[in-house]
Structures are given as structure tokens and as C-alpha cells.
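J.: Next up is a structure, given as C-alpha cells.
The numbers here are math on the coordinates, done by the rules we state, and not lab data. Just so it is clear, the model here is predicted, and its values are computed rather than measured. Virtual Cβ from ideal backbone geometry, glycine too; neighbours counted across all protein chains shown.
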Amino acid sequence: MNLNVLGILSSDNSDSSIFDVLTTTSLLPIAAPGYWAHAGVTRNLSITCLRPAAIGEKLTIKSEVVQAGRRMCTLKAEMRRERDGQVVAVGEHGKVAVGEDYSSKL
């Protein structure tokens, strides 16, 4: 995130990295050999910034698995300001499983 001329954080690629990593970690509790064990690769990542956050402001992020099939999953996350609970940004993350053994489907 970058500090703009008003002293407020503005969005950049670090938002994408934060949402990418934290939504992907929501797959860990359901991962098993042959099922999301390699965390997959991103097919789409959409982030909508709604409100600013100041430098040093504490933020909380909640992420969850919306749907996880054998090959594709949808994850989402929400970033909130800790001081007032206002949503700062929301993200949706689609992933595709790679490196899994799908030979039993053939």
C-alpha cells in the first residue's frame, strides 16, 4: 500500500498479495493428499477497495472457503478497520488445483 498526499493508504499490488496469501491459507484446514494439498494456482483475484486506512491503523482480515471442488474453488476475504469495524476492502479469489492425481477420473 502507498501513502497518498492526504496521508491515507491507497491500494496497490500489496493488497493483491495480502488477499492472495490469506485466502489461500483458508484452504489449509480442508487440504488432504490429492485434494488441495498444493494450494493450486490463481485463476482470478478481484479486490474492491471501499474505504481508506491510515498508516499504522490496525486491520483485521477474515477469509473463508465459499466452495471447493476437486479442481476449482472460490474463496473470499474481508478487510476491516479494527477501530470501527468498517469494511476497507473485499476480495474474491478463484483457484485451480494443480499437481493433484486425477487419473482415477479417466
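J.: What is the set of long-range amide H partners of Ala37 at a cut-off below 5 Å, with H atoms built 1.01 Å from backbone N?
T.: Ala32
J.: Ok, one more. Taking square-rooted eigenvalues a ≥ b ≥ c of the alpha carbon gyration tensor, is the stretch 2-98 rounded, prolate or oblate, where a/c under 1.5 means rounded and, failing that, a/b exceeding b/c means prolate?
T.: Verdict is prolate for the stretch 2-98.
J.: Moving on to the next point. Using DSSP to call loops (not H, G, I, E or B), can you name the chymotrypsin sites (Phe, Trp or Tyr not before Pro) in the stretch 23-106 whose Cβ has at most 13 other Cβ atoms within 10 angstrom?
T.: Passing sites in the stretch 23-106 are Tyr102.
J.: Moving on. Can you check what the net charge comes to around Glu57, using other residues whose Cβ is under 9 Å from the Cβ of Glu57 (Lys, Arg +1; Asp, Glu -1)?
T.: That works out to +2.
J.: How do Lys58, Lys95, Lys76 line up, fewest other C-beta atoms within 10 Å first?
T.: Ascending Cβ contact count within 10 Å gives the list Lys58, Lys76, Lys95.
J.: Sequence-distant or interchain residues sharing an amide H contact under 5 Å with Val88, placed H: which?
T.: Close amide H contacts, sequence-distant or interchain: Met79, Arg80, Arg81.
J.: Bins of 10 Å, beginning at zero and ending with the bin holding the largest distance: percent of Cα pairs per bin for the stretch 30-73, please.
T.: 17, 41, 24, 17, 1
J.: Only counting other Cβ atoms within 10 Å, I'd like Ser16, Ser26 sorted with the fewest neighbours first.
T.: Going from sparsest to densest Cβ surroundings: Ser16, Ser26.
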